[in-house]
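J.: Have a look at this one before I ask anything.
The values are calculated or read from the model by the stated rules, or taken from the named source; none is laboratory data. For clarity, every value in this text was computed on a predicted model and none was experimentally measured. Here the Cβ is made from the backbone with ideal geometry for all residues, glycine too, and neighbour counts use every protein chain on show. Ligands, DNA and RNA are excluded from the accessible area calculation, which covers all protein heavy atoms including side chains. Shrake-Rupley method; radii C 1.70, N 1.55, O 1.52, S 1.80 Å.
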Amino acid sequence: MAAAAAAGRRPAPARRREALVGLAFVAPMLALFLVFRFGPTLGAAFLSLTDYRLSGEWDFIGAANYTRLLNDDLFWESLGVTAVYTALYVPMTVLLALGTAALLYRTLWLRGFFRGLFFLPYVTSIVLAAVIWKWIYEVEDGLLNSTLGALGLGEIDFLGNESLVLPSIAAASAWKGFGYSMLILLAGLQSIPREVTEAATIDGASAWQRFRWVTLPLLRPVLFFVLVIEAIQAFQVFDAMYVMTAGGPVRASYSLVYFLYDSGFKFFDFGYASAVGLVLFLVVLVFSLIQRRLIGREED
């Protein structure tokens with residue numbers, strides 16, 4: 001047996017050659033990642049330690065931007081808005097995507113048509129989608145308030161009310177973005193062996209019991225991926241708030257990226273804006289690790 005194992009083991013030069021061939025294939029993408037992802041991140045980290053100005057002049061100021069950030073009430077306010085928006089957007093989007101994927105999984109008639117129909121909002125411009133939803137939410141001539149008026153109900157200022165503005169934007173963003181997660185979850189559902197669910201059916205499990213105890217555990221890695229990408233998307237929200245509310249009313253929809261935008265491109269405080277970007281990166285990283293700890297499947 002030892003002789004057979006030794007005979008089946010590849011020589012070191014062959015393994016080294018295979019590794020070099022594999023590295024050659026991934027080298028272009030690795031180079032692009034280093035240049036356009038890792039490089040800008042290092043550049044932003046360096047800028048956050050300076051007071052870089054629009055003229056190109058700068059002085060090294062160490063952690064002064066981070067100290068200023070921790071004492072900035074506007075930063076904490078925008079971080080709170082982002083956290084609330086994330087808590088609204090992520091469950092809304094994932095539940096909508098999961099429910100739609102489950103329906104499409106059971107639908108045989110025109111499945112491709114409905115799959116493309118539900119995915120269509122995702123490929124729509126976010127600015128265009130925000131403009132459409134802003135019109136839908138309009139108080140006087142909006143589609144939603146016109147419908148409420150026809151039903152004899154009062155008008156609701158969805159985007160002008162501090163308590164309703166974030167749920168309203170989250171609903172519009174969920175409609176815009178659930179299609180991508182829907183396709184991923186649908187692929188995950190289709191990869192589950194039918195023998196497993198059939199065995200549960202034979203054992204007398206109801207549809208809900210099969211979904212709760214069979215489908216969801218097997219779908220956990222895909223669900224974890226969807227939660228992470230949707231959380232990252234939520235923390236980076238800017239376009240919808242910029243178009244629909246401009247951060248209002250009274251900064252009720254003033255997100256962290258909006259704060260970064262104003263710091264960098266309105267007040268030209270590039271070092272401070274870079275510090276905000278690094279903090280946002282750390283927040284997303286910690287949130288992703290927490291999600292991994294809570295629902296991600298650990299490798300043996």
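J.: Within the stretch 222-258, which residues are charged (D, E, K, R) and in a helix (DSSP H, G or I)?
T.: Applying the first criterion (charged (D, E, K, R)) to the stretch 222-258 yields 230, 239, 251.
GLU230, ASP239 - these are the residues of the stretch 222-258 that are charged (D, E, K, R) and in a helix (DSSP H, G or I).
J.: While we're on this one: Please go through the stretch 250-296 and pick out each residue that is farther than 21 Å from VAL226 by Cβ and of a type in the set (Gly, Ala, Ser).
T.: ALA252, SER253, SER255, SER263, GLY264, GLY271, ALA273, SER274, ALA275, GLY277 - these are the residues of the stretch 250-296 that are farther than 21 Å from VAL226 by Cβ and of a type in the set (Gly, Ala, Ser).
J.: Considering every residue within the stretch 72-82, establish whether at least one is surrounded by 13 or more Cβ atoms within 10 Å (Cβ to Cβ), aliphatic (A, V, I, L, M) and within 26 Å of PHE224 (Cα to Cα).
T.: There is at least one residue in the stretch 72-82 that is surrounded by 13 or more Cβ atoms within 10 Å (Cβ to Cβ), aliphatic (A, V, I, L, M) and within 26 Å of PHE224 (Cα to Cα).
J.: Under 7 Å between Cβ atoms, which residue pairs at least 6 apart in sequence (or on different chains) link something in the stretch 174-197 that is of a type outside the set (A, V, I, L, M) with a partner that is outside any helix (DSSP H, G or I)?
T.: Sorted first by the residue in the stretch 174-197, then by its partner, the pairs are LYS176/THR124; GLY188/LEU219.
J.: Give the stretch 178-192 a look and list any residue that's within 21 Å of THR124 (Cα to Cα) and open to solvent by less than 10 Å² (accessible area, probe 1.4 Å), or say none. Lay out the reasoning, then the answer.
T.: Quick first cut of the stretch 178-192, residues within 21 Å of THR124 (Cα to Cα) only: 178-186.
Within the stretch 178-192, GLY179, SER181, MET182, LEU185, LEU186 meet the criteria.
J.: Among the residues of the stretch 104-128, what is the count of those that are part of a loop (DSSP other than H, G, I, E, B) and either touching a Pro at 6+ places or on another chain (Cβ under 8 Å) or of a type outside the set (Ser, Thr, Tyr) (or both)?
T.: Keep residues of the stretch 104-128 that are part of a loop (DSSP other than H, G, I, E, B), which gives 107-110, 124-125.
Narrowing further to those that are either touching a Pro at 6+ places or on another chain (Cβ under 8 Å) or of a type outside the set (Ser, Thr, Tyr) (or both): 108-110.
Of the residues in the stretch 104-128, 3 are part of a loop (DSSP other than H, G, I, E, B) and either touching a Pro at 6+ places or on another chain (Cβ under 8 Å) or of a type outside the set (Ser, Thr, Tyr) (or both).
J.: State all residues of the stretch 103-113 that are open to solvent by less than 80 Å² (accessible area, probe 1.4 Å) and either within 16 Å of ILE184 (Cα to Cα) or of a type in the set (Asp, Glu) (or both); if no residue qualifies, say none.
T.: LEU104, TYR105, ARG111, GLY112
Condition check ((1) open to solvent by 60 Å² or more (accessible area, probe 1.4 Å); (2) assigned to a helix (DSSP H, G or I); (3) not charged (D, E, K, R)) across all residues:
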residue	(1), (2), (3)
VAL84	yes, yes, yes
LEU88	no, yes, yes
VAL94	no, yes, yes
ALA130	no, yes, yes
ASP141	yes, no, no
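J.: Of the residues that make up the stretch 238-253, is at least one of a type in the set (D, E, K, R) and open to solvent by less than 60 Å² (accessible area, probe 1.4 Å)? Give the derivation first.
T.: Applying the first criterion (of a type in the set (D, E, K, R)) to the stretch 238-253 yields 239, 251.
Narrowing further to those that are open to solvent by less than 60 Å² (accessible area, probe 1.4 Å): none.
Looking through the stretch 238-253, none of the residues is of a type in the set (D, E, K, R) and open to solvent by less than 60 Å² (accessible area, probe 1.4 Å).
J.: Taking the stretch 151-167 on its own, how many of its residues are modelled with pLDDT of 95 or more and either touching a Pro at 6+ places or on another chain (Cβ under 8 Å) or of a type in the set (Gly, Ala, Ser) (or both)?
T.: Here the count works out to 1.
J.: Let me ask something else. Does GLY116 satisfy the criteria of being open to solvent by less than 70 Å² (accessible area, probe 1.4 Å), of a type outside the set (A, V, I, L, M, F, W, C) and farther than 15 Å from LYS176 by Cα?
T.: Numbers: open to solvent by less than 70 Å² (accessible area, probe 1.4 Å): yes; of a type outside the set (A, V, I, L, M, F, W, C): yes; farther than 15 Å from LYS176 by Cα: no.
Considered against the rule, which asks whether it is open to solvent by less than 70 Å² (accessible area, probe 1.4 Å), of a type outside the set (A, V, I, L, M, F, W, C) and farther than 15 Å from LYS176 by Cα, GLY116 comes out as no.
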